[in-house]
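Here's the structure, in structure tokens; my notes come after.
Every number in this text was worked out from the coordinates using simple rules, so none of it is lab data. If you're wondering where the values come from, they're calculated on a predicted model, not measured in any experiment. Virtual Cβ from ideal backbone geometry, glycine too; neighbours counted across all protein chains shown.
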């Protein structure tokens, strides 16, 4: 195993980790503030992919399609929050989980009704489809764009949370919803906004990946597992933790593919279980 | 006189309902209608699974996402035992009990020390490891295709006639249900309910919550594994899907549908779940959509499950409440 | 009712084809098996005129994946089944009985669905089934179902080798070629390519594992000089193959074998292209690369390797160049607006297999129909199918070909390479 | 002869020292009250002794055994029983079942009825705990403790939240109990404290500031200043 291929594998891992992070970000945000484990998160992600496909096919404008896909997904999220999720906040976690699970089931089938059963994807925009050649492996600029977007989203979230009024309000709700309410913060609005933002981020992530992967109805079922592993290992609700763990999982599993192709996925599960056995609150969990 | 009092203390709405159900299940075999018998067998197997699950969930208050593991352990024990050691389904099913016992204790040691949220996550992680192992250990488990040819006709018993297998399942079902009923009435039943209600207080009464949780997990694990064992013999085939977490979440949904705080809740839930999925699956492609909608409707409107709904009706009409196990 | 001219010609054709197969067999196998063949020829004799089935309607249950990521495959099965049924009914049904179809989602507990089809819908036969696990599950209880099940897609060799041949579950048949196509035949293609170092990427489940095992084993015997440098095992439902691809590209392999299929194959091919895989690999063998969902999805962007992207499927619309196949493709296109996918053909032919067997047995009794199906030789769009009596596997040939772009509606194939089925099918007693 | 010895117990919450190097000894037959203003560390001290909380330093001996490292259920089984400030039982279980939990553990199931009789809660036995008045709940809590066959009973504010009549009942029962076992009460109600106990330990800011007979404590200047004076 020479050094170049090892490094390339790590680089690929960085890109995969960034994708995981974009997928996990909304999940963490929603869990952190709203305290709901959103099972339908990946379904929104895939919805973003489908919307991107549709708008890009019609407009051929990458940026515009991206924004529209993001906003519509967020709006769908907000609608779900207002009609369903809002009514389960006060219930036990398991009911919240099942409610979002129900949403995921409906979303999956709705995608099939709207976009059919076939495979859907778009091409990488011309300028970004070129790339650099590292030891026979082409890493295109679009992959680099994903890594940069992931990092920007991380920085933006941290800045937003710590240095803006809305962010501070959100953090207040994050810490103590009852007290925040007493201080006159409209927690209801914050919850809806956070749900909108979280699902819009899912939509953005989904939209960004259509040029890279292919999309079919029910793809979400396979994505959500990885997202959960990351969020749980990181410690539920930790934003920085989720970023670091997502990148680590990406890089680590990528390198595992290279050195122990026989075992990669089991090893990941075992490591996750070991981490949880010794640090049940996750690597970056607070409590 | 004392015996009579003991006996009277044992009789309540639950046991009457249970005996009626067992009788009804017995009657179905006389119709000779194979599909009804098939559905009834599924109800019994999933009824056992859900009731076993609810020992942990409804009684001890521990949410497990990894019960596919126990179901899978039961199913694979029967398969491996009958195919490699001794070709008999009855011995195979009984063999799964000690294996399940051992598994439960190991799982318990690994998961019960931490809080409830982490129990849920850890059981999920363990069941996923088990699932991957079933796929990876191909020489032993047949990989993703699983193990085929689990015999219904064995050295000791021959269950190949549908009616015979039906009675075989019914005997296990009745024995397990009555056993759980006695457990519910016994001191352990009381302790497990106390555990689910206020586990932090029990140490100050001199009870080790770890031990109590371990007892609950062991009973739950063994009962779930028995369901898996029967399932494997029933289908003659076992594949890793039974250990996947979504399969393990089914008894949870059943418990909630029926009402997890009622003794018979999971069983009622199993009846509804099996019938419902059978019915909606006829709408061919959109059954998942309907399932999702049904789930949301249940959570928004019938949170106590069907039994909870009935109880609130009974309360409204001032009818006595017979089903609630807490009484 | 009388046998019409067209049918008669078809039967004659089938008989002739049966003789050809018989001759091949006689050349390639033991004398005992030749005897079996002579029996099959007699099958095609047109019978007496007054022949009717005991029921006015023959009901066939159709199982396929109808929900989730692979639901398009259930759709293929449905299209094939519908087309065959419409044709048969338009021409007077089977011995005067109409054919009726009942569809069910095999993802909603396949055994439950099969039971319901038999016990509630009272179907006489079951066809379809996409997933290997589901096929084995139904196979496990087939004797309790008491109905013939013709599997038209699931590829596990264990269905026919273990359940039918070893355990004697005589009610199971399969109209589609199993994993032999992905493992053994792929090796026959690979042996003629001027490359020595192979890499593999196959699914981390039995189908993928067995494909690669058969491929490496066969190729090693055919070409002792080859090397297998690396093998990768993405799990079921992998949405992104980049780490696997970079690991593959880091090896010194010259060619790639994959049995990845459906949506995952689309992603794999696109990412392989994007990461420079087609600059590195001189040849790519994609065993299910000519599945129509993949062909349509990749379209003009279907990558071609220097020595060819060799693809196959369980049937391909452009082979064989027979009249019956051309007409089938035309009718299918007219009916569904698309070229037929392989499981559409295998299901279509499964129903014609049933028709032929019923016309011969003149009975719905499963044992009689099993007898009629065993050794049946029938001309179908995919070519002549011979139902091997020992394991109930339909024996027919589907070639591999190189992807080429000629401005047609879909990518086409050139250099079609067919290998006699007798060479690449495994044979009883499967040791 | 001593029954409980607390040596240099310290408990911190972050930077806040809740119990600061506390030591005392209680002899067999003594009835002791621990008093002090809110936040003095009384309940924390009891929590550390009964291992609801882990101490940060120090040791505890009960009946000659070092219980510092024992889990709460072992301590309970040694006969050191406590109650909680807020009723902390099993609300959905019946009163009888609540009592039976203790009976089952200590082999005193047969005494459930008689204990209920003594406490005057017999008519509530078949009601769920949530359905009975707070006073009865407190008595159930006490009944459970008695059924556990305690050698020493630590009561955390046994009369808090009770009405006059319930309070009178409770004190009557406690006066009866102190004859046969060691009692420690944490209490704010000085009338109750002075009628009940032989000795008072006064805590403030995590430390013991006075320890002695009730009459001495009443006269203690420091105590008056920070505690009694405030009343």
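Calculated from the alpha-carbon coordinates, segment B:164-267 shows an Rg and a Dmax of 15.9, 51 Å respectively. If you sort the three axes of the alpha carbon gyration tensor as a ≥ b ≥ c, you get a/c of 1.5 or more for chain D and a/b above b/c, which makes it prolate. Rounded to two decimals, the Cα radius of gyration of segment C:302-431 over 2.2 N^0.38 Å is 1.20.
Report, for chain C, the % of DSSP beta bridges that are antiparallel, rounded to 5.
25
Expressed in nm², what is the orientationally averaged projection area of the convex hull enclosing the Cα positions of segment B:64-176? Show your work: numbers first, answer last.
Values: hull surface 31.6 nm².
Seen from a random direction, the Cα hull of segment B:64-176 projects 7.9 nm² on average.
At 1.002 mPa s and 20 °C, plugging the Kirkwood radius over alpha-carbon pairs of chain C into Stokes-Einstein gives what diffusion coefficient in µm²/s? Result for D is 98 µm²/s. Taking other C-beta atoms within 10 Å as the exposure proxy, B:245, C:386 rank B:245, C:386 from fewest upward. Averaging the Cα positions of each part gives two centres, and for segment D:140-175 and segment C:223-259 these lie 74 Å apart. With helices as the sole contributors, chain C gives -13000 deg cm²/dmol at 222 nm; each DSSP H run of n ≥ 4 counts as -39500 (n - 2.57), and the sum is divided by every residue. Comparing D:154, D:81, D:65 in a Gaussian network model of chain D, where Cα atoms under 10 Å apart are tied by springs, the biggest mean-square fluctuation is seen for D:65.
Determine how many Å³ per residue the convex hull of the Cα atoms of segment A:82-170 encloses.
218
The distance separating the Cα centre of segment C:170-184 from that of segment B:253-281 comes to 39 Å. Apply the Kirkwood formula to segment D:168-208: the hydrodynamic radius equals the inverse of the mean of 1/r over all pairs of different alpha-carbon atoms; give it in Å with one decimal. After inverting the pairwise mean of 1/r, the radius is 11.3 Å. Two numbers describe the Cα atoms of segment D:1-106: Rg and Dmax, which are 15.1, 44 Å. A Gaussian network model of chain A, with springs between Cα atoms under 10 Å, assigns the largest mean-square fluctuation among A:94, A:233, A:122 to A:94.
Ordering C:417, C:371 from the fewest to the most neighbouring beta carbons within 10 Å gives C:417, C:371.
Over all pairs of different C-alpha atoms, segment B:108-223 has a mean inverse distance whose reciprocal, the Kirkwood radius, equals 17.7 Å. Across segment C:166-265, C-alpha contacts under 8 Å between residues 6 or more apart give a mean separation that, scaled by the residue count, equals a relative contact order of 35 percent.
DSSP finds beta bridges in the protein assembly as shown, and of those with both partners inside it, around 45 percent are antiparallel. For chain A, the extents of the C-alpha atoms along the principal axes are 61, 50, 35 Å, listed from largest to smallest. By other beta-carbon atoms within 10 Å, ranking C:232, B:114 with the fewest at the front produces B:114, C:232. Helix-only arithmetic for chain A: the sum of -39500 (n - 2.57) across DSSP H runs with n ≥ 4, divided by the residue total, places the mean residue ellipticity at 222 nm at -25000 deg cm²/dmol.
Considering only the Cα atoms of segment D:137-231, their convex hull presents on average a projected area of 6.6 nm². The angle separating the long axis of helix C:206-222 from the principal Cα axis of greatest extent in chain C is about 70 degrees. Per the Debye calculation on the protein assembly as shown with a single equal scatterer at every Cα and no solvent contribution, log₁₀ I(q)/I(0) for q = 0.04, 0.05, 0.06 Å⁻¹ amounts to -0.28, -0.43, -0.61. Per-residue ellipticity at 222 nm, computed for chain B from helices alone with -39500 (n - 2.57) per DSSP H run of at least four residues, works out to -23500 deg cm²/dmol. Here segment B:149-217 yields Rg over Rh of 1.27, to two decimals, using C-alpha coordinates and the Kirkwood radius.
Taking the C-alpha atoms only, the angle from helix D:134-147 to the longest principal axis of chain D is near 90 degrees.
Result for chain C in a Gaussian network model with C-alpha springs under 10 Å: among C:151, C:142, C:311, the largest mean-square fluctuation is at C:142.
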